[in-house]
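Reviewing the structure listed below.
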Amino acid sequence: MLGRVMEKSQDSIETEEGQGAGHEAEGIGLPATAGATLRAGREGLGLSLDALSAHTRIPVRHLQTIEAGHFDELPSRAYALGFARTYARAVGVDENGVVDLVREEMELAGPRNSAMGQGMEPGDPAKLPSNGLAWFGGGAALILTLGVISFASTYYQAGVGPESLLVQQEAEREAEALAAASAAAQKPFDAQTAPPPEGQVIFTALEDGVWVRFYEEGGERLFEAQMASGDTFELPREATEPRINTGRPDAFAITVGGLEVPKLADEPVTMGGTPISAAALLARDAAAPTS
């Protein structure tokens, strides 16, 4: 009798061990998360978070949040997708694949967080409200909900159909464009391509309220305004000896043919009559000291 019991116990132990091994096997080969993929790309290039932040203009705290997969802690869904795309582009990772992973992780995190927030453990029945109070509270909540729905449908005259989806997609594209425009470069770190000498010159404001005047030699004004963060100005290719006048040359990122060139200055300084043609900017780049 004792022998049969021991034999049965041994069989149970072996069964449990086999199940445990099965679970471990199931854990092998799980798909990488977006954060892990991006971090691997960064570490593969030997980059620190500080270096990546300086390159992409994305704060270090947001980069850490992305690598941890805590996309709900970013300002919005649009910024999560935009920052992830810029991160992937900077380290040479498939940006579309990373964005798809981010979307999937946010979709999975949404229902899970909702379920956790609604979870409730049984309590002391004596502490529960009476049936009358519960019915009254339920009725009040129902009336309030119906009122909110009625107000929203009347005020906005829109649901959550295709139009709302288009608005969300447009917001995502705007955030992605802003994140890409504010990046110090739009190529991976190992890119060695030189800007073309006749490439399109684009100035991108990195801060709000930056006044600037672009004009041709002789005084012909091309553009003058206070630019907001993310605003761009494309220098006309036919402009004759274009110049710039501003007190914040440090607040503009400059690209020639899609590739970044050094800023006109690293700190606020009054600048007037400075040549900004593609050739002039590339000459400044070539004359800049190398570390």
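Determine, from the Cβ-Cβ distance of Glu216 and Ala140 and an R0 of 51 Å, the FRET efficiency 1/(1 + (r/R0)^6), rounded to the nearest 0.05.
0.15
Based on the Cβ-Cβ distance from Glu43 to Ser229, what FRET efficiency comes out when R0 is 30 Å, to the nearest 0.05?
Taking R0 as 30 Å, the efficiency between Glu43 and Ser229 is 0.50.
Using the Karplus equation 6.51 cos²θ - 1.76 cosθ + 1.60 (θ = phi - 60°), what ³J(HN,Hα) coupling, rounded to whole Hz, does each residue of segment 214-230 give in order, writing x for Gly and Pro?
9, 8, 8, 4, x, x, 5, 6, 9, 6, 8, 5, 9, 9, 9, 4, x
Cα gyration tensor of segment 201-287, axes a ≥ b ≥ c as square roots of the eigenvalues: rounded (a/c below 1.5), prolate (a/b > b/c) or oblate?
Rounded is the answer for segment 201-287, as its axis ratio a/c remains below 1.5.
Per residue of segment 75-90, what does 6.51 cos²θ - 1.76 cosθ + 1.60 with θ = phi - 60° give for ³J(HN,Hα)? Whole Hz please, x for Gly and Pro, Karplus curve as stated.
Each residue's phi maps through the Karplus curve to give x, 6, 4, 4, 5, 4, 5, x, 5, 5, 5, 5, 4, 4, 4, 5 Hz.
How far apart, in nm, are two points set 7 Å out from the Cα along the Cα-to-Cβ line at Arg57 and at Asp208?
Calculated label separation equals 1.5 nm.
FYI, it's all coordinate maths here, none of it is from the lab. All values derive from a computational prediction rather than experimental measurement. FYI the Cβ positions are ideal-geometry reconstructions off the backbone, even for glycines, and counts take in every protein chain you see.
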